[in-house]
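Asker: First the structure, then my questions, so here it is.
Every read-out reported here was derived from the displayed coordinates using simple, explicitly stated rules and does not represent laboratory data. The shown structure was predicted, so the numbers you read here are calculated from the model rather than taken from an experiment. Please note: Cβ atoms are built from the backbone with ideal geometry, for glycine as well, and neighbour counts cover all protein chains shown.
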Amino acid sequence: MNRRIFLQSASLAAFALPRVTAQAPGSPVIDTHIHLFDPGRPGGIPWPDRSDKKLYQPALPDRYARLAGPHGVAGAIAIECSPWLIDNFWLQEVVESNPLVVGFIGDLDPATPDFAATLDQLHRSHLFLGIRYGNLWNRDPVAAAHNPQFIAGLKLLAEAGLVLDTANPNPALISAMLEISNRVPNLRVVIDHLPNLDIPSEGPDRREYESTLRELAQRPRIFVKGSQIVRTFDGRVSFDVSRYKEHLDQLWSLFGEDRMLFGSDWPNSDQLADYDHTFGVAQRYIATRSTQAQEKYFSKNSCAAYQWRARTSAQTDLTRMSSQTINH
């Protein structure tokens with residue numbers, strides 16, 4: 001959530017987006033990053049804020065399906081966007097009643113005394129895929145990576161076969177993920193929004209960041225989510241893929257076609273662009289890759305990263321194809 005305050009400026013809201021036509025890729029898509037919430041719930045929600053005219057409206061599966069369906073989206077993974085413990089169970093109920101959503105990532109702090117019990121309770125549902133932790137809700141992933149209680153909690157997560165999703169990357173978080181990977185090597189980690197990270201300028205900070213990223217790329221359980229690709233340049237949103245190519249190529253060369261995933265970040269992405277444009281930028285970039293690489297990015301790699309279970313026939317076909325690819 002590192003860019004949300006800035007993106008509420010009127011200049012961006014007034015920017016006219018070029019028209020695009022929805023075009024589905026050749027195979028079904030799994031969107032690995034959407035947020036679901038309902039401001040009308042008793043007690044309200046911690047995010048988005050009531051003052052956010054763009055986002056402060058129900059973001060529920062039926063609305064998402066209307067936007068994502070034309071792009072061939074067959075499933076999505078919901079990422080909890082509230083630090084309130086009870087909201088994990090609200091999200092679980094919403095996901096359980098909507099087969100389009102293949103699973104959800106909760107928001108838990110592994111260092112808290114009740115972490116093990118809550119993890120066990122949520123894990124009774126096969127739709128619970130893991131937790132998110134990172135640069136949000138005033139948390140400090142660098143300090144957490146050296147906290148024995150936090151690491152003990154992550155070991156429980158790994159033993160349960162669940163995944164850690166990160167939040168809002170910066171170089172410090174990347175270093176923290178390397179430390180966590182060293183301490184919990186069997187933990188699957190998905191680094192979200194990495195295309196949006198502000199890379200340090202030339203010098204020691206840049207060299208350290210690139211060295212850490214190269215080391216992470218050597219870990220087969222580390223995945224990168226291609227979310228938050230679209231950015232602003234000189235106060236204007238750009239859908240010119242060439243502006244993003246160098247950074248995306250760097251990530252692709254490091255992590256390869258087996259560990260890059262598609263995620264829209266809907267509806268947070270609406271602050272910059274509608275779903276058509278968000279999807280379109282990712283699709284135009286990935287179109288430069290092989291058909292096999294495109295299928296991995298848009299769907300198959302999500303199976304390896306999240307180990308979700310199919311709930312519809314289209315999702316079943318995807319998991320079957322993914323299994324055949326891995327076995328091959």
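Asker: Scan around Cys81 for amide H atoms under 5 Å from its own, H built in the peptide plane at 1.01 Å from N, and keep only partners 5 or more places away or cross-chain.
Answerer: Amide H neighbours of Cys81: Leu36.
Asker: Also, quick follow-up: For region 128-258, max minus min Cα coordinate along each principal axis, in Å, sorted largest first?
Answerer: 44, 33, 30
Asker: Quickly estimate the mean residue ellipticity at 222 nm for the chain, helices only: each DSSP H run with n ≥ 4 gives -39500 (n - 2.57), and the total goes over all residues, rounded to 500. Intermediate results must be reported in sequence, preceding the final value.
Answerer: Numbers: 13 runs with 128 residues, N = 328.
Helix-only estimate at 222 nm: -11500 deg cm²/dmol.
Asker: Relative to the present Cα-Cα distance, how much length would full extension add between Arg66 and Lys54 at 0.36 nm per residue of separation? Don't jump to the answer; show the numbers that get you there.
Answerer: Numbers: separation 12, 0.36 × 12 = 4.32 nm, distance 1.77 nm.
My answer for the length gained is 2.5 nm.
Asker: Across region 27-322, how many lysine pairs, 8 or more positions apart or on different chains, have C-alpha atoms separated by under 23 Å? Please give the number.
Answerer: Working: Lys155/Lys225; Lys225/Lys245; Lys225/Lys296; Lys225/Lys300; Lys245/Lys296; Lys245/Lys300.
Taking region 27-322 as the scope, the lysine pair count is 6.
Asker: Okay, next question. Name the shape class, rounded, prolate or oblate, that the alpha-carbon gyration tensor gives for region 201-257, where a ≥ b ≥ c are the square roots of its eigenvalues, rounded holds for a/c under 1.5, and otherwise prolate holds if a/b is larger than b/c and oblate otherwise.
Answerer: In terms of gyration-tensor shape, oblate.
Asker: Let me know the shape class of region 189-328, please: from the alpha-carbon gyration tensor, a ≥ b ≥ c as square roots of the eigenvalues, rounded when a/c is under 1.5, otherwise prolate if a/b is greater than b/c, or oblate.
Answerer: Oblate, since a/c reaches 1.5 and b/c is not below a/b.
Asker: With a cut-off of 8 Å between alpha carbons and a minimum separation of six or more residues, what is the relative contact order of the chain in percent?
Answerer: On the way: 549 pairs, mean separation 66.4, N = 328.
Answer for the chain is 20 percent.
Asker: Using a 7 Å offset from the Cα along the Cα-to-Cβ direction at both Thr312 and Ser125, what is the distance between the two label points in nm, to one decimal?
Answerer: Result for the modelled spin labels: 1.8 nm.
Asker: If you average 1/r across every pair of different Cα atoms in region 19-161 and take the reciprocal, what Kirkwood value do you get, in Å? Each step should come with its number before you reach the end.
Answerer: Working: mean 1/r = 0.0603 Å⁻¹.
That comes to 16.6 Å for region 19-161.
Asker: On to the next question. Among Pro148, His35, Ser290, whose Cα projects farthest towards the positive end of the dipole of the chain, with charges put on the beta-carbon of Lys, Arg (+1) and Asp, Glu (-1)?
Answerer: Toward the positive end, the furthest listed residue is Ser290.
Asker: While we're on this one: For labels at Ala143 and Ser211 in the simple 7 Å Cα→Cβ model, what's the distance in nm?
Answerer: My value for the distance between the label points is 2.7 nm.
Asker: Using amide H atoms built in the peptide plane, which far-off residues or other-chain residues are under 5 Å from Leu108 H to H?
Answerer: The answer is Arg132.
Asker: Report the gain in length on full extension from Thr232 to Met321: 0.36 nm times residue separation, minus Cα-Cα distance, nm rounded to one decimal. Let's see the in-between values first.
Answerer: Values: separation 89, 0.36 × 89 = 32.04 nm, distance 3.69 nm.
Gain on stretching Thr232 to Met321: 28.4 nm.
Asker: Over region 98-152, what is the relative contact order in whole percent, taking alpha-carbon pairs under 8 Å and six or more residues apart?
Answerer: Dividing the mean separation by the residue count of region 98-152 yields 43 percent.
Asker: If you don't mind, another one. If a/c stays under 1.5 just call it rounded; otherwise compare a/b with b/c (prolate if a/b is bigger, oblate if not). Do that for the chain, with a ≥ b ≥ c from the square roots of the Cα gyration tensor eigenvalues.
Answerer: Numbers: a/c = 1.15, a/b = 1.09, b/c = 1.05.
Verdict is rounded for the chain.
Asker: What does the highest-first list of 156-167, 258-269, 274-285 look like by mean Cβ count within 10 Å? Write down the numbers at each step before the final one.
Answerer: Details: 156-167: 19.8, 258-269: 24.3, 274-285: 21.5.
Ranking, from highest mean packing down: 258-269, 274-285, 156-167.
Asker: Something else now. So, by mean Cβ neighbours within 10 angstrom, what's the order for 85-95, 240-250, 220-230, 198-208 with the highest one leading? Intermediate values should be presented prior to the final figure.
Answerer: Working: 85-95: 17.5, 240-250: 14.2, 220-230: 23.5, 198-208: 11.0.
Descending packing order for the listed peptides: 220-230, 85-95, 240-250, 198-208.
Asker: Charges only on Cβ, +1 for Lys and Arg, -1 for Asp and Glu: so what's the dipole of region 27-322 about the Cα centre, in debye to the nearest 20?
Answerer: Dipole about the Cα centre, nearest 20: 560 debye.
Asker: Next up: If amide H atoms are built 1.01 Å from N in the plane of the peptide, which residues on other chains or at least 5 residues away come under 5 Å of the amide H of Ile199?
Answerer: So Ile199 has HN proximity to no qualifying residue.
Asker: Among Ala74, Ile105, Leu85, which residue has its Cα furthest toward the positive end of the charge dipole of region 67-126, with +1 on Lys/Arg Cβ and -1 on Asp/Glu Cβ?
Answerer: Checking the options against the dipole of region 67-126, the answer is Ala74.
Asker: At 7 Å along the Cα-to-beta-carbon direction for both Gln250 and Gln218, put a label point, then send me their distance in nm to one decimal.
Answerer: Here the answer is 2.0 nm between the modelled labels.
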